[in-house]
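The values are calculated or read from the model by the stated rules, or taken from the named source; none is laboratory data. Computed from a prediction, not measured in an experiment: that's the story for all the values here. Cβ sites come from the backbone with ideal geometry, for glycine too, and all protein chains shown count toward neighbours. Keep in mind that these areas ignore ligands, DNA and RNA; they rest on the heavy atoms of the full protein, side chains included. Shrake-Rupley method; radii C 1.70, N 1.55, O 1.52, S 1.80 Å.
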Protein chains: 2
Amino acid sequence: MFVLGVDPGVSRCGYGCISDGCISNGGSRELSVVAMGVIRTPPSDELPTRLAALDAELRRLLAELRPDAVAVERLFFQANARTAMSVGQASGLVLAAASATGAHVVQYTPNEVKQAVAGYGAAPKEQMQRMVQAQLKLSARPEPADVADALALALCHLAMAPLQARIRAASGSGVAR
Amino acid sequence: MFVLGVDPGVSRCGYGCISDGCISNGGSRELSVVAMGVIRTPPSDELPTRLAALDAELRRLLAELRPDAVAVERLFFQANARTAMSVGQASGLVLAAASATGAHVVQYTPNEVKQAVAGYGAAPKEQMQRMVQAQLKLSARPEPADVADALALALCHLAMAPLQARIRAASGSGVAR
């Protein structure tokens with residue numbers, strides 16, 4: 001299974017794609033990073049132009065990686081209203097483009113990601129970067145933080161997916177709701 | 001010139017396309033509504049699915065209408081944080097899709113639209129609907145309000161475009177900045 005994590009943003013949109021080495025959800029789990037990076041758009045361009053460039057790059061990435069699932073940060077309102085709005089616009093592009101490919105699209109809050117990756121919902125950024133590095137056996141800490149956040153989102157989904165699948169199966173059989 | 005106004009939203013995205021009857025910016029101005037309506041997405045669907053459906057419908061509309069300019073409401077933070085985020089996500093799709101067609105994409109604040117259409121930056125919704133109806137010689141008030149808002153955005157751009165063109169031309173010639 002390929003899981004693409006995306007940390008949406010207009011100036012910097014972090015992405016990280018992880019393979020668990022399994023065709024399906026079973027078998028051994030040897031995690032490896034398939035791709036990671038940051039999509040940037042120039043602040044000198046106008047917002048519509050930047051959003052169109054980000055959208056085109058996201059769609060190119062999705063077509064190249066063909067992830068089974070895409071994990072995106074779930075947004076809440078932030079102190080900085082201007083930033084929050086452009087993050088919202090970027091997240092709209094990610095969710096729409098990912099959904100259009102047929103991938104399973106899931107959103108996780110920053111707390112859910114920290115809980116799943118560091119075992120602690122208020123883990124600081126640096127600890128998260130170290131945990132991502134350790135779990136993926138990377139030679140260096142993933143930089144910038146947007147890449148670490150994106151990889152953490154993918155790790156979070158890999159941790160949660162088996163549980164979610166069990167809940168869906170149980171709900172479908174009428175055992176639980 | 002064809003101007004498409006879009007009032008972004010995930011549940012209801014209003015649009016209205018107005019022609020000024022001119023090939024270029026000159027000549028007589030006989031305004032007519034080329035298309036108007038609302039794109040809706042079912043609240044029962046998940047957000048990524050709704051955004052992908054909205055995106056597909058927007059791109060279909062842009063390909064069909066081929067507007068020269070697209071006027072989109074400029075967003076500010078609202079009282080309802082949940083609504084504001086989904087409006088931000090929808091506006092991201094509109095700006096990116098419109099920009100990708102090569103159309104001139106402009107954003108106007110609600111106050112700018114009210115000032116340009118009703119001559120009063122705090123005009124109430126009902127007055128705006130009546131002004132839109134009168135200026136476009138519509139037999140009935142445009143309903144729902146999202147359609148009136150979208151048509152008002154297009155009217156606002158038609159009112160502002162000649163001024164903007166003069167400013168651009170003067171800036172280019174070094175007369176004004």
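Below are the figures for this structure:
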read-out: Relative contact order computed over chain B (Cα-Cα under 8 Å; 6+ residues apart), in percent; value: 28 percent
read-out: Signed unit charges on C-beta, dipole axis of chain B, positive-most listed residue B:Leu163, B:Leu54, B:Ala96; value: B:Leu163
read-out: Environment charge of B:Ala56, counting only residues whose C-beta is closer than 15 Å and scoring Lys/Arg +1, Asp/Glu -1; value: 0
read-out: Sequence-distant lysines (8 or more away, or on other chains) whose Cα lies within less than 21 Å of B:Lys114; value: B:Lys125, B:Lys137
read-out: Under the span-like rule (Cα at least 30 Å along the axis, Kyte-Doolittle mean at least -0.5), DSSP H helices of chain B; value: B:145-172
read-out: Dipole magnitude of region B:100-149, debye to nearest 20 (Cβ charges: Lys/Arg +1, Asp/Glu -1, about Cα centre); value: 180 debye
read-out: For the protein assembly as shown, share of DSSP beta bridges that run antiparallel, in % to the nearest 5; value: 60 percent
read-out: Inter-copy label distances at A:Ser44 (7 Å, Cα→Cβ; nm, one decimal); value: 5.2
read-out: Test item: B:96-105 mean partner chain Cβ contacts at 10 Å; value: 5
read-out: Across the identical copies, how the B:Arg168 labels are spaced - nm, sorted shortest first, 7 Å along Cα→Cβ; value: 4.8
read-out: Size of electric dipole in region B:130-169: Cβ of Lys, Arg +1 and of Asp, Glu -1, about Cα centre, debye, nearest 20; value: 260 debye
read-out: R0 of 22 Å, Cβ-Cβ distance A:Thr109-A:Arg12: FRET efficiency to nearest 0.05; value: 0.65
read-out: Neighbourhood charge, 13 Å Cβ-Cβ cut-off, centred on A:Met131 and excluding it, Lys, Arg +1 and Asp, Glu -1; value: +3
read-out: Local electrostatic count at B:Thr41 - Lys and Arg +1, Asp and Glu -1, tallied over other residues with Cβ under 9 Å; value: +1
read-out: Rg in Å to one decimal, and Dmax rounded to a whole Å, for the protein assembly as shown via C-alpha atoms; value: 22.8, 76
read-out: Contact surface B-A: accessible area buried, both sides summed, square angstrom, 1.4 angstrom probe; value: 1900 Å²
read-out: Reduced Cα scattering model of chain A, Debye log10 I(q)/I(0), q = 0.16 Å⁻¹; value: -0.96
read-out: Charge dipole (chain B, unit charges on Cβ, about Cα centre) - positive-most of B:Pro67, B:Ala118, B:Met128; value: B:Ala118
read-out: Computed magnitude of the charge dipole of the protein assembly as shown (debye, nearest 20; Cβ of K, R +1, Cβ of D, E -1); value: 280 debye
read-out: For A:Phe76, inter-copy label distances in nm, listed shortest first [label point 7 Å out on the Cα-Cβ vector]; value: 2.6
